[in-house]
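Structure record follows, encoded as structure tokens.
The values are calculated or read from the model by the stated rules, or taken from the named source; none is laboratory data. Values in this document were obtained by computation on a predicted structure and should not be read as measured data. FYI the Cβ positions are ideal-geometry reconstructions off the backbone, even for glycines, and counts take in every protein chain you see.
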Amino acid sequence: MEPIQVKHPLIEHKLAILRDKRTGTKEFRELISEITLFLCYEAMKDANLHEVEIETPLTKTKAKMLNEKEYVFVPILRAGTGMIEGIVTMIPNAKIGHIGLYRNEETLKPVRYYYKMPKGIENKKVIIIDPMLATGGSGVDAVTLLKEDGVKDIKFLSIIAAPEGLKKMKETHPDVQIYCAAIDDHLNDVGYIVPGLGDAGDRIFGTV
């Protein structure tokens, strides 16, 4: 699947402030949440609704609602946790899983240092969240681990993506739809997205 870049004047505006090195921790966190709202909105456009009966102040009527419990959002530690607030603002009852992983330097295979999913994850619609899709290594590994647990419906939300990471994800997991707010130019020699915004985790948690 080709990545979907969510374009909107407000996203462009917020991205400009997010990228600025002068933007402080508080505002940076708020912007991450706000842009996540836009990405979540787009990613949920194909969500299934079920009909319910409600009562307004005037009468009973039929309405359509989302089954929030069908969805699990999975941040990749640590930076992905900065997007959770935006997600739960949109879908308060969504389940949240967590993935923390690193690569074994000898085998080059992903090693879980933390992996906690809600029960029945194999039957859920899973949306992975991570502010930066750079080399694509963590994203690919996270999808692989979820597929090993039987998950079949996976999407990926990222604020900024690099062409290298998008290419790797498409080659490895072509069935995963990626949503992002910006596709930047390239990775530098140490794997940072250019022009990017620096290290998202450091800027979210104030550890710059």
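I'd like the residue in the stretch 135-159 that is in contact (Cβ under 8 Å) with a residue 60 or more places away in the chain and of a type in the set (A, V, I, L, M, F, W, C) and, out of all such residues, is farthest from His173 (Cα to Cα).
It comes out as Ile159.
If you take the residues in the stretch 95-118 that are out of contact with any Leu (no Cβ under 7 Å at 6 or more places or on another chain) and modelled with pLDDT of 90 or more, which one is surrounded by the fewest Cβ atoms within 10 Å (Cβ to Cβ)?
Among those residues, the one meeting the criterion is Lys116.
Can you tell me which residue within the stretch 51-73, out of those that are over 32 Å from the mean Cα position of the chain (by Cα) and of a type in the set (Lys, Arg), is farthest from Val143 (Cα to Cα)?
Lys60
Could you say which residue among Ile204, Ile178, Ile160 is of a type outside the set (S, T, N, Q), in contact with a Leu (Cβ under 7 Å, 6 or more places away or on another chain) and within 20 Å of Gly24 (Cβ to Cβ)?
Of Ile204, Ile178, Ile160, the one residue that is of a type outside the set (S, T, N, Q), in contact with a Leu (Cβ under 7 Å, 6 or more places away or on another chain) and within 20 Å of Gly24 (Cβ to Cβ) is Ile160.
Pick from the stretch 163-208 the residues that are within 17 Å of Gly80 (Cβ to Cβ) and β-branched (Val, Ile, Thr): which of them is surrounded by the fewest Cβ atoms within 10 Å (Cβ to Cβ)?
Restricting to residues being within 17 Å of Gly80 (Cβ to Cβ) and β-branched (Val, Ile, Thr), the top hit is Thr207.
Would you please name the residue that is surrounded by the fewest Cβ atoms within 10 Å (Cβ to Cβ), looking only at residues in the stretch 44-70 that are among the charged types (D, E, K, R) and under 20 Å from Lys155 (Cβ atoms)?
By that ranking, first place goes to Lys45.
Within the set of pairs 6 or more residues apart or between chains, which connect a residue that is within 19 Å of Ala43 (Cβ to Cβ) inside the stretch 1-22 to a residue that is of a type in the set (S, T, N, Q) with Cβ atoms less than 6 Å apart?
Hits for this filter: Met1/Gln177.
Where in the stretch 109-176 are there strands (runs of 3 or more DSSP E), lying fully within it, with 1 or more residues that are hydrophobic (A, V, I, L, M, F, W, C) and over 12 Å from the mean Cα position of the chain (by Cα)?
110-116
At pLDDT 95 or above and over 18 Å from Glu148 (Cβ atoms): is that true of Ile121 in this structure?
no
Across the stretch 50-82, what is the total count of residues that are in a helix (DSSP H, G or I) and within 18 Å of Pro118 (Cβ to Cβ)?
Residues that pass the stated criteria total 5.
Give me the pairs: first residue in the stretch 169-180 and closer than 14 Å to Leu133 by Cα and touching a residue at least 12 places away in the same chain (Cβ under 8 Å), second residue basic (Lys, Arg) and assigned to a strand (DSSP E or B), beta-carbon distance under 9 Å, and six or more apart or on different chains, which are they?
Val176/Lys155; Gln177/Lys155; Ile178/Lys155; Tyr179/Lys155
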